Structures are given as C-alpha cells and as structure tokens.
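Report on one structure; see the data block that follows.
The values are calculated or read from the model by the stated rules, or taken from the named source; none is laboratory data. Just so it is clear, the model here is predicted, and its values are computed rather than measured. Glycine also receives a Cβ, built like all others from the backbone with ideal geometry; neighbour counts cover every protein chain displayed.
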Amino acid sequence: MSKPDLEPCFNWRGRYEEDHTPWDLGGEHPGLAEWVRENPGAGRSALVPGCGRGHDPLMLSESGWRVDALDLVDLAGERLGGDFTKNGSRFLVTNVLDFDPHGPEGLGTYDLIFEHTIFCAISHDQRPLFARNMERCLKPGGVLISLLFPTNKPTEEGGPPFRATPAELTAELGDSFELLEDEPWTPTSGRRRWEERRLIFRRR
Ligand SMILES: C[S@@+](CC[C@H](N)C(=O)[O-])C[C@H]1O[C@@H](n2cnc3c(N)ncnc32)[C@H](O)[C@@H]1O
C-alpha cells in the first residue's frame, strides 16, 4: 500500500514568518467560549488540531481542560506559555494527519476535539485521513466541536480555506459520529467573507 500524502497544501510557515495570519481572530472563538461556559474541563482532556496562535487552547486550559494543541509550525502557538502549560497542557509541533494519541507524544484519547479552520486548511484528498485520525483520537462518548468555515464558498475558488459544508464534514466523519447540533454562527470577523456554522458531534 502506498504511504498517505501528509504534505501540507500551503506554506503555513511562510505566513507566520511574514506575520500575515488573516484567519486569526485575536482571541478565542465565541462559539467555543459559549460552549465551555456550560462545560468546564474539570481536568478532562482536549485536543486542538491546527491551533494557530493558540487563543482557543489557552481559553480551554484556563477553563480547566488539559489541552494538547497541535500545529505544523513551531512559530505558531505563541500564546501558549506558562499560563497554558501549568495544568499539563502542551503545544506540540506535529502533523495532525498522523498524530498518534497512543504514540510517544500521546497521552491517550481525548474527551474533546475542537476543530476551527483546520478542516478547511487541508486538501480535499487529505480529509479522509483527518477524519479517521480524529476518530482515533476521541474517546467514545467524547465531543467534537467544529466552527465550520467557509460553508458557502464556491468550490472553484479553491483554497485554503477550501469550501467545507456540514454535509461534507458529516460524511467524512462517518457513522462513528452522531451529529448533535448544526447551527449558523454569526460571522466572527469582518474579514471572514463566507458563512460559518457550529457543529457538535458525539463519538459513538
Ligand atoms: C487557518 S489556520 C487556523 C489556526 C487556528 N485554528 C485559528 O483558527 O486561529 C490553520 C493552521 O493549521 C496549521 N496546519 C495546517 N495543516 C496542518 C497539519 N496537517 N497538521 C497540523 N497543523 C496544520 C497551520 O500551520 C495553521 O496554523
């Protein structure tokens, strides 16, 4: 069997070197913050793949979640210093497509996965790999929250961000995931030209 292609479709490092990261909201996503107010971590574990500058994982860690925040680029995760790591949370420079929760860097499966503009940041070809790895990383009964974007971008405009619809994400995740919520989300930033939705899944 040929090895899966794990190469990124974009020069993410270049964006951090140029300090040009237009996806960055400058703080945690309000759709995550709202959910976390009702669901404090109390020591439970969360995975944030493609964490970027780290606003979402930092808020989760401050709310009692022990977080593993992953990014390909070591220059990302700049906010993930002592306040973040004091409860055991970690910033790991690794590829989310083959991160092994049971491997040398892993601490076992997670109670929560937060997907925020990582599904739209990988190529369409890599989506099955992403979905199968999220299935591997999440505990049965665990929750995957997606702030899905850009749901109405025409496919022919390409990406990243690549068009990502609720139907596409649901189909990729497959029968191991039960869709609990699919709601429109008010655009979080004037720079986001396309629509966002919040989807919540439970791992069967
Ligand atoms: C569009 S940015 C989103 C960052 C963050 N989630 C946010 O919303 O601010 C995508 C991030 O995913 C990272 N990334 C892209 N492909 C990745 C992969 N295969 N594994 C890990 N990180 C990846 C990039 O370096 C970048 O930081």
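For residue 110, all conditions in the list (1) touching a residue at least 60 places away in the same chain (Cβ under 8 Å); (2) near the ligand (Cβ under 10 Å from one of its atoms); (3) buried (at least 17 other Cβ atoms within 10 Å of the Cβ) hold save one; what is the number of the exception?
Answer for residue 110: the failing condition is (2).
Across the range 125-154, which residue is surrounded by the fewest Cβ atoms within 10 Å (Cβ to Cβ) among those that are in contact with a helix residue (DSSP H, G or I) (Cβ under 9 Å, 6 or more places away or on another chain) and part of a helix (DSSP H, G or I)?
Among those that are in contact with a helix residue (DSSP H, G or I) (Cβ under 9 Å, 6 or more places away or on another chain) and part of a helix (DSSP H, G or I), it is 128.
Regarding the range 4-23, can at least one residue be identified that is within 9 Å of the ligand (Cβ to nearest atom), at pLDDT 95 or above, closer than 25 Å to residue 88 by Cα and surrounded by 14 or more Cβ atoms within 10 Å (Cβ to Cβ)?
No, there is no match, as no residue in the range 4-23 is within 9 Å of the ligand (Cβ to nearest atom), at pLDDT 95 or above, closer than 25 Å to residue 88 by Cα and surrounded by 14 or more Cβ atoms within 10 Å (Cβ to Cβ).
Considering only residues that are in a loop (DSSP other than H, G, I, E, B), more than 9 Å from the ligand (Cβ to nearest atom) and either under 14 Å from the mean Cα position of the chain (by Cα) or crowded, with 21+ Cβ neighbours inside 10 Å (or both), which ones fall in the range 45-99?
Selection gives 65, 80, 89.
List, please: which pairs have Cβ atoms under 6 Å, are six or more places apart or on different chains, and start with a residue in the range 159-181 that is closer than 14 Å to residue 131 by Cβ and away from the ligand (no atom under 16 Å from the Cβ) and end with one that is of a type in the set (Asp, Glu) and part of a helix (DSSP H, G or I)?
Listed by first residue and then by second, the contacts come to 176/135.
When you scan the range 24-36, how many residues do you find that are without any contact (Cβ under 8 Å) to a residue 12 or more places away in the chain and either in contact with a Ser or Thr (Cβ under 8 Å, 6 or more places away or on another chain) or within 7 Å of the ligand (Cβ to nearest atom) (or both)?
Count: 0.
Quick check on the range 100-111. Is at least one of its residues in a strand (DSSP E or B), modelled with pLDDT under 95 and touching a Gly at 6+ places or on another chain (Cβ under 8 Å)?
no
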